[in-house]
Every structure is written in C-alpha cells, then in structure tokens.
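What follows is a short report on a single structure.
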Amino acid sequence: MARYIGPKSKIARRFRDPIFGPDKALEKKNYPPGQHGVSKRRGKQSEYAIQLSEKQKVKFIYGILERQFALTFDRASRSRGITGEVLLQLLESRLDNLVYRLGIAPSRSAARQLVSHKHITINGKVVNIPSYTVKVGDVIGVRERSKALEAITNSLASSNIKKYPWLDFDKSTFTGKMISVPQRDQIPENIKEQLIVELYSK
C-alpha cells in the first residue's frame, strides 16, 4: 500500500502548519515549497481549493490514503452526532493513532510499523491492523516479548509524552486504555473539519 515517505518538512510547509510536530525548516521558511513559494503573486485560493487542502492535511496527519479516508467519512456521515466531530473521533480511535497518543511510539508512522509487525495487543490478543477501531474499555498493550524493544523503551522514556484525559496508561505494565471517546476540544490537531464536510457534501 503506497504511503508518503518523502520529506515531512516539505508537507508541513505546504500547509504552513507543523502537522508532524515541531519543525525548524517551517520556522525558517514559513511559506510553501517550490520556486514560487515565496512569491506574493500567488493567486487567491478558491473555496474548493481550501476545502481540498484541509482534507489532504488530515490525510497526512493520520497517514491514511484516499479510499480509506472516504470510507471513514462515509461511516461518520451515517453515525449520530456532528459529522465533522465524529470523523475526527473515528480517526483518533484508530489503533496506530492510539499507540502514538499513549507514547508507545514517537510518531504515527512508527506506531503503524509496531502494529503491523505484531508488537501490539488489544485485550491480550495480537492485532496487526493499524486501522483497527479501538472501543471504549479496550486495553492496548505491548506484546510480552516486545517490551524490551529499544524503539518502545526510548519512546516511553521520552519527556515529550503528552497526557490525554480520554486515555489512561500504566508504564509498569505497558498497557493503556481508552476510557472515553475524545471530545472535540480534547483533540489538539489544528483541523477545520467543517471544510471537509462541505467538500464531501458537494
């Protein structure tokens, strides 16, 4: 399955947003990449272009492809609640995202690799599907023989791990739990989900 493996700073500069975390390149060059990036003659973006850009940004943030994103949006639109918020809640409930949020992996791409390589369990059973939807009450753990992996121990030892009120993690047992569905104000990403809803409603 094709994934973007190019320079992350280039993508962050395209959206003028540090979507992959703090970025020195973005701080120095806060304008789009390319020879015309710094030009003041760049035309005003159309409403469609702004909406499309927001959707592309979210896809890069969560590391998913077009078809998977469209299926997730369709699921959100058929669910109860505000479609944009439900969409973000579904994306946040992905297993790879939660492995990253809990601090087991330093990034979503690293989390996806840990899941794919069968290092992560759900309620004691190995799950190797990054897009697996975790439900409230599910226990996310690290496989016993994987607890000594340098990538995992280094990530958990990092001082950059953020705490989220809808997640609980026990470092002594390498297990975390999703204790509630995240509310919109608990999701820190700079996303204008209403633009995505407008894009798909056309």
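Could you list, ordered by first residue, the pairs with Cβ atoms under 8 Å in which the first is in the stretch 52-67 and hydroxyl-bearing (Ser, Thr, Tyr) and the second is surrounded by fewer than 19 Cβ atoms within 10 Å (Cβ to Cβ) and part of a helix (DSSP H, G or I), at least 6 apart or interchain? Sorted first by the residue in the stretch 52-67, then by its partner, the pairs are Ser53/Phe15. The number of residues in the stretch 131-176 being basic (Lys, Arg) and over 20 Å from the mean Cα position of the chain (by Cα) comes to 4. Within the stretch 131-142, residues that are outside the structural domain of Ile64 (by TED's automatic domain parsing) reach partners that are assigned to a strand (DSSP E or B) and small (Gly, Ala, Ser) with beta carbons closer than 9 Å, at six or more positions or on different chains, in the pairs Val139/Gly176; Ile140/Gly176; Gly141/Gly176. Answer yes if at least one residue in the stretch 112-134 is part of a helix (DSSP H, G or I), farther than 13 Å from Gly176 by Cα and touching a strand residue (DSSP E or B) at 6+ places or on another chain (Cβ under 8 Å), and no otherwise. Yes, that holds for at least one residue. Exactly one residue out of Ser155, Ser109, Ser172 is outside the structural domain of Ile196 (by TED's automatic domain parsing), assigned to a helix (DSSP H, G or I), over 29 Å from Leu52 (Cβ atoms) and not basic (Lys, Arg), and it is Ser155.
Is it true that Val197 is out of contact with any strand residue (DSSP E or B) (no Cβ under 7 Å at 6 or more places or on another chain), among the hydrophobic types (A, V, I, L, M, F, W, C) and farther than 13 Å from Leu98 by Cβ?
Working: out of contact with any strand residue (DSSP E or B) (no Cβ under 7 Å at 6 or more places or on another chain): yes; among the hydrophobic types (A, V, I, L, M, F, W, C): yes; farther than 13 Å from Leu98 by Cβ: yes.
Judged against the criteria, Val197 is a match.
Of the numbered criteria (1) outside any loop (DSSP other than H, G, I, E, B); (2) among the basic types (Lys, Arg); (3) surrounded by fewer than 19 Cβ atoms within 10 Å (Cβ to Cβ), the one Arg80 fails is (1).
The values are calculated or read from the model by the stated rules, or taken from the named source; none is laboratory data. The structure presented is a predicted model; accordingly, all values stated were derived computationally and were not measured. Quick reminder, even Gly has a Cβ in these numbers, built from the backbone with ideal geometry, and neighbours come from all protein chains shown.
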